[in-house]
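I have placed the structure first, in the form of structure tokens, so that the comments after it can refer back to it.
We did not get these values from a lab; they are worked out from the coordinates using the rules stated. What you see is a predicted model, and the numbers here were worked out from it, not measured in a lab. Using ideal geometry, Cβ is built from the backbone for each residue, glycine included, and neighbour counts are taken over all protein chains shown.
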Amino acid sequence: MVYFLNIALVVSTAFTTVVGATNINFDVKPFKIDLSAEVPRLKFLVNNTRLPAKALYPSIGEEEGTGLGFLRDLQTQWLTSFDWEAQQAELNQFQQFTVDIEGQTVHFVHEKSEDPNAIPLVLLHGWPGSFHEFLPVIKPLTESSLVNGTNVSYNVVVPGLPGFLFSSPPPLNWTVADTARIFNTLMTDVLGYETYAVHGTDWGCGVGYSLYSDFNSTVRALQLVLLPFLPLSPEEIAANNITLTAVEEVSEQRAVAWTTSDWGYFKEQSTKPNDLGLALYDSPVGQLAWIAGKYKRWSDPRAGTPPSVLDHTAILTAVSLYYLTDSFLSSIWIYEQNPNVLNPVYSKAPTDAPLLFSQYEYSIGFWPEQYVAKVGNLVSYTVHDFGGHWAGLDNPPALIGDLRAMAPYFSA
Ligand SMILES: *[C@@H]1O[C@H](CO)[C@@H](O)[C@H](O)[C@H]1NC(C)=O
Ligand SMILES: *[C@@H]1O[C@H](CO)[C@@H](O)[C@H](O)[C@H]1NC(C)=O
Ligand SMILES: *[C@@H]1O[C@H](CO)[C@@H](O)[C@H](O)[C@H]1NC(C)=O
Ligand SMILES: *[C@@H]1O[C@H](CO)[C@@H](O)[C@H](O)[C@H]1NC(C)=O
Ligand SMILES: *[C@@H]1O[C@H](CO)[C@@H](O)[C@H](O)[C@H]1NC(C)=O
Ligand SMILES: *[C@@H]1O[C@H](CO)[C@@H](O)[C@H](O)[C@H]1NC(C)=O
């Protein structure tokens, strides 16, 4: 398997967990990222990719897609000042492992608190992301913090979705429900947690909601920043007599933009993933052009200024991770495998576990409180006036607060 050419596997440790009367052995292997050998080819291709000398229609900004000036700046930075080794060292500061579950190799970060009462928490990323989008929140969540008078900390697990980075591509018929099942196995049978809390963003919301619906005895709190339900149109919001604040109005306009003028990528990736995936397979600048515009359009317009850490280096790290692990093609198949992830019919998950929801002003979608309450046991609805689609990069302190807010509702 091609991934193993790129990675250094260190000492192997066998974890044994007793589940009922059955002994199940999982071979959990420590993992370090070592993609340095692939970097010269990346640099060669970045150096030898031509972009147009000038924009065809200079009056057009980012609204028709990635701007030429923005892309050229990123291309130059990638070649001249971007330091892969420094990024790799930062990624490797997190304890990483791989394990085989149902024939899938699952890569995951596992950072534990020193507190024996820490709550197990899974963070679920989306596309075009990876565990990289959670780096600013992982370690703070393992540290103790007083929440409503209670001492709260987490044991944080960040698994890679199948087909992303170091998690192997799944079989053709794989869905988010299958991912939820193997991630539940990861938390329970592999890591030995009897119950745990879940956070999801983007596709991670689809997986997280599936965990919440299908594993109601182990998933005992869920926090989402998006719902796997189709956002309402302004007409539907008006027809339901829902009045919006100024911040929510911005979010609703973002939802309209995402589901109309920014929907092409979703159609393409869910219908002809090979056309796109093969076209960009060996083109770092092509992948950058496809992905960077989304980081720009889907984040807070103040991205890169505090508290946002979503700067150009973060975008280049995210795209480098896709290119260097050969996962651009396999990552977009999730759209083909789950084309109806946004359910137009809001229905309630069969669970009494608490659901917390945060609406970030510049998210790609908007879900009013009344509608979030239709899909689960909603106990908290928060609106943040800073941040976009990548809460972990766009507003890490707010996401840390959102996740700590789960603790008072969590009961094992
Ligand atoms: C880019 O290519 C040019 C021309 O071959 C070469 O002189 C230059 O050193 C290359 N730059 C990098 C960073 O590889
Ligand atoms: C919270 O728990 C940690 C770890 O058990 C402990 O070191 C710390 O003193 C506690 N803080 C408070 C305010 O109880
Ligand atoms: C999906 O495909 C795998 C083989 O790749 C097969 O074992 C499994 O039964 C299939 N599942 C469904 C639901 O068709
Ligand atoms: C919205 O308000 C109008 C006027 O008060 C009322 O006729 C209608 O039934 C309301 N719609 C809903 C969905 O509550
Ligand atoms: C879990 O789901 C099952 C099946 O839908 C349901 O019967 C049960 O009441 C649920 N349990 C909890 C704790 O919500
Ligand atoms: C916070 O603590 C107060 C006082 O003990 C309690 O009434 C309230 O329900 C708690 N809030 C949460 C979210 O648990």
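Given a Förster distance of 45 Å, report the FRET efficiency between Asp34 and Ala373 from their Cβ-Cβ distance, rounded to the nearest 0.05.
On the way: r = 47 Å, r/R0 = 1.04.
Calculated value: 0.45.
Here is how the number arises for the chain: DSSP H runs of 4 or more residues each give -39500 (n - 2.57), the sum is divided by the residue count, and the result at 222 nm is -10500 deg cm²/dmol.
Amide H to amide H distances under 5 Å link Gln223 with Val198, His199, Gly200, Leu356, where only residues 5 or more positions off or on other chains count and H is placed in the peptide plane.
Neighbour counts of C-beta atoms inside 10 Å place Asp326, Asp402 in the sequence Asp326, Asp402, starting with the fewest.
Annotation: the residues Ile237, Ile242, Ile138, sorted from fewest to most other C-beta atoms within 10 Å of their own C-beta, follow the order Ile242, Ile237, Ile138. Computed over neighbours whose Cβ is under 13 Å from that of Ala221, the net charge equals 0, Lys and Arg +1, Asp and Glu -1. Ordering Ser145, Ser153, Ser347 by the number of other Cβ atoms within 10 Å of each residue's own Cβ, fewest first, gives Ser347, Ser145, Ser153. Judged by the gyration tensor of its Cα atoms, with axes a ≥ b ≥ c, the stretch 4-409 is oblate; a/c meets the 1.5 cut and b/c is at least as large as a/b. Residues whose amide H comes within less than 5 Å of that of Tyr360, counting only those at least five positions distant or on another chain, are His384 (H built at 1.01 Å from N in the peptide plane).
Couplings for the stretch 180-195, taken from phi via the Karplus curve 6.51 cos²θ - 1.76 cosθ + 1.60 with θ = phi - 60°, read 4, 4, 6, 6, 5, 4, 4, 5, 8, 5, 7, 9, x, 7, 7, 9 Hz in order; Gly and Pro are left as x. When the listed pairs Lys272/Lys296; Lys54/Lys294; Lys112/Lys348; Lys32/Lys267; Lys43/Lys294 are checked against a 27 Å cut-off, the alpha-carbon distance exceeds it for Lys112/Lys348; Lys32/Lys267.
Beta bridges from DSSP with both residues in the chain: antiparallel share about 50 percent, rounded to the nearest 5.
Relative contact order of the stretch 4-409: 19 percent, from C-alpha pairs under 8 Å at least 6 residues apart in sequence. When only alpha carbons are used to place a centre, the stretch 134-203 and the stretch 357-391 end up 20 Å from one another. One Cα centroid belongs to the stretch 28-68, the other to the stretch 269-335; the line between them spans 9 Å. Electrostatic tally near Trp78: other residues with Cβ closer than 11 Å to its Cβ, Lys and Arg +1, Asp and Glu -1, net 0.
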